[in-house]
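The values are calculated or read from the model by the stated rules, or taken from the named source; none is laboratory data. The model shown is predicted, which means the values in this text are computed figures rather than measured ones. Reconstructed Cβ throughout: ideal geometry from the backbone, glycine too, with neighbour counts over all protein chains shown.
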Amino acid sequence: MPDPRRAIPRTDAVLAEPRIAKAAGVLGRDLVKSVVNGVQQAARAGEIAPADVVDAVLARLPASASSLRPMVNATGVVVHTNLGRAPLSAAALDALVAAGGATDVEFDLATGDRARRGRGALAALKAAVPDAGAVHVVNNNAAALLLCALALAPGREIVVSRGELVEIGDGFRIPDLLESAGARLREVGTTNRTSVRDYTAAIGPGTGFVLKVHPSNYQVTGFTSEAAIGELAGLGVPLVADIGSGLLAPHPLLPDEPDAASALRAGATVVTASGDKLLGGPQAGLLLGDAVVVERLQRHPAARALRVDKLTLAALEATLRGPEPPVRAALEASVATLRRRAEALVRALENADARVVGSVAAVGGGGAPGVELPSAAVSLPARYAAALRTGDPAVAGRVVKDRCLLDLRTVRPEEDAKLLEAVRRCG
Ligand SMILES: *Cc1c(COP(=O)(O)O)cnc(C)c1O
């Protein structure tokens, strides 16, 4: 009897198959070859018929050369750090693709001379916050704070309330970040109460700046008090306000969330914020404020190490100038609309164990703790959670007791059809 393994097509032959050769042009030969070898092994083990090798390879090829998989965020957490925070708007995605090749990020097309890097994104940010004398963009908010410490407080003290010594996440703490820049922290007040007098008593010739940090991922309630930005402005030293979430102007649904315009109007010298939280853009650190101070930050040698790439600049400008980004749409969607979408999904599923339930979504991502966003979800048996996570696209829901909830607030309306298919495949 002939050995059936003899019939398994050789690697070169599989790679030469036109559809597979085409995939190798997109994914890279090594990646495709490793899939071919995996399928050959399965064929040798008798799991795949030799005649099916090419089809099996095509079925197993990833969609892109990056291992990052697209996901549907049905967790109900609008800004989900583990899912990459803000999903970009279509306008921002288009801008990314356009800037992916050679682009005029630092080039004046009219004169052919070098131009200011990222001037379009910076102008858009400045236009969005007219109260800022100047703006700058760095890698993230942590980088923005680092740059402030490096440029404004080397070997000096940063005065900060004990109630605002924040751990951002994954073990990273703002106090450690600032000290790593060679500044010393001067902690004032107590965990629950800090007054303006606590700050004034600590300010002296060794002060670099006063730092006000928005407690964006926790709440201190009860017998509490803090000094407002307005009270800390005009103490004779710069006031840096880390507002966290990147709201540029007040948002009616988030009355307790600080925003850049109000902080600047209240007297902050520099405001720092993230680009990929409530602003809904790419990961970035925004610096807005006094023109002279911002210029000092821009000119510091470390600014070069913290600068953003052209893709970030492209996506940020499109987020600022383009239509409302998905984060804002998710935040502002009415419950009635979400419920209608959940009902349509449940009807289309024709699954006796799928039903619409009320849900409570959250802002997340270190923003607006305690804010509850009423929402609607498709409720499925808990076993769906793992199957959905490992499907394509991967879907992340939320398991509550023995149910898997797919919260519609964080699912973009144009993703409903994909979500439906993903659930059906797990059925
Ligand atoms: C999220 C957050 C940070 C960290 O911002 P990144 O952009 O992740 O570096 C710093 N401070 C506050 C108050 C935050 O909410």
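Condition test on ASP176, is it without any contact (Cβ under 8 Å) to a residue 24 or more places away in the chain, outside the structural domain of LEU331 (by TED's automatic domain parsing) and within 15 Å of the ligand (Cβ to nearest atom)? It would help to see each step written out before you state the result.
On the way: without any contact (Cβ under 8 Å) to a residue 24 or more places away in the chain: yes; outside the structural domain of LEU331 (by TED's automatic domain parsing): yes; within 15 Å of the ligand (Cβ to nearest atom): yes.
Yes.
Taking the range 121-169, which residues are within 26 Å of the chain's Cα centre (by Cα), outside any helix (DSSP H, G or I) and either aromatic (Phe, Trp, Tyr) or farther than 23 Å from ARG307 by Cβ (or both)? Can you show your working first?
Initially, the range 121-169 is screened for residues within 26 Å of the chain's Cα centre (by Cα), giving 121-132, 134-150, 163-169.
Of the ones still in play, those that are also outside any helix (DSSP H, G or I) are 129-132, 134-140, 165-169.
Within the range 121-169, PRO130, ASP131, LEU165, VAL166, GLU167, GLY169 meet the criteria.
Of everything in the range 216-239 that's of a type outside the set (A, V, I, L, M, F, W, C) and in contact (Cβ under 8 Å) with a residue 60 or more places away in the chain, which residue is nearest to PRO258 (Cα to Cα)? Working first, answer last.
So the first thing to find is which residues in the range 216-239 are of a type outside the set (A, V, I, L, M, F, W, C), and the list is 216-219, 221-222, 224-226, 230-231, 234, 236, 238.
Narrowing the set further to residues that are in contact (Cβ under 8 Å) with a residue 60 or more places away in the chain leaves 216-219, 224, 226, 238.
Values: SER216: 10, ASN217: 13, TYR218: 14, GLN219: 14, THR224: 18, GLU226: 14, PRO238: 19 Å.
Applying the filter and picking the extreme gives SER216.
So which helices (runs of 4 or more DSSP H) are wholly in the range 1-120 and hold at least 3 residues that are closer than 30 Å to SER216 by Cβ and at pLDDT 95 or above? Show your work before the answer.
Working: elements: 11-16, 18-27, 29-44, 53-60, 90-100.
Helices (runs of 4 or more DSSP H) meeting the threshold: 90-100.
Name the pairs whose Cβ atoms lie under 8 Å apart, with the first residue in the range 277-288 and in the same structural domain as GLU317 (by TED's automatic domain parsing) and at negative phi, the second of a type in the set (Val, Ile, Thr) and modelled with pLDDT under 95, and 6 or more positions between them or separate chains?
That search, which allows pairs on different chains as well, returns LEU278/VAL363.
When only residues in the range 144-169 that are buried (at least 24 other Cβ atoms within 10 Å of the Cβ) and small (Gly, Ala, Ser) count, which is farthest from ARG186 (Cα to Cα)?
Filtering first and then ranking leaves ALA144.
Here's the yes/no breakdown for (1) on the phi > 0 side of the Ramachandran plot; (2) surrounded by 19 or more Cβ atoms within 10 Å (Cβ to Cβ); (3) not polar (S, T, N, Q):
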| site | (1), (2), (3) |
| --- | --- |
| THR190 | no, no, no |
| VAL210 | no, yes, yes |
| LEU232 | no, yes, yes |
| PRO258 | no, yes, yes |
| ARG265 | no, no, yes |
| VAL270 | no, yes, yes |
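Please note which strands (runs of 3 or more DSSP E) are completely contained in the range 196-301 and include at least 3 residues that are of a type in the set (A, V, I, L, M) and away from the ligand (no atom under 13 Å from the Cβ).
On the way: elements: 207-213, 239-244, 270-274, 285-289.
Those strands (runs of 3 or more DSSP E) do not exist here; none qualify.
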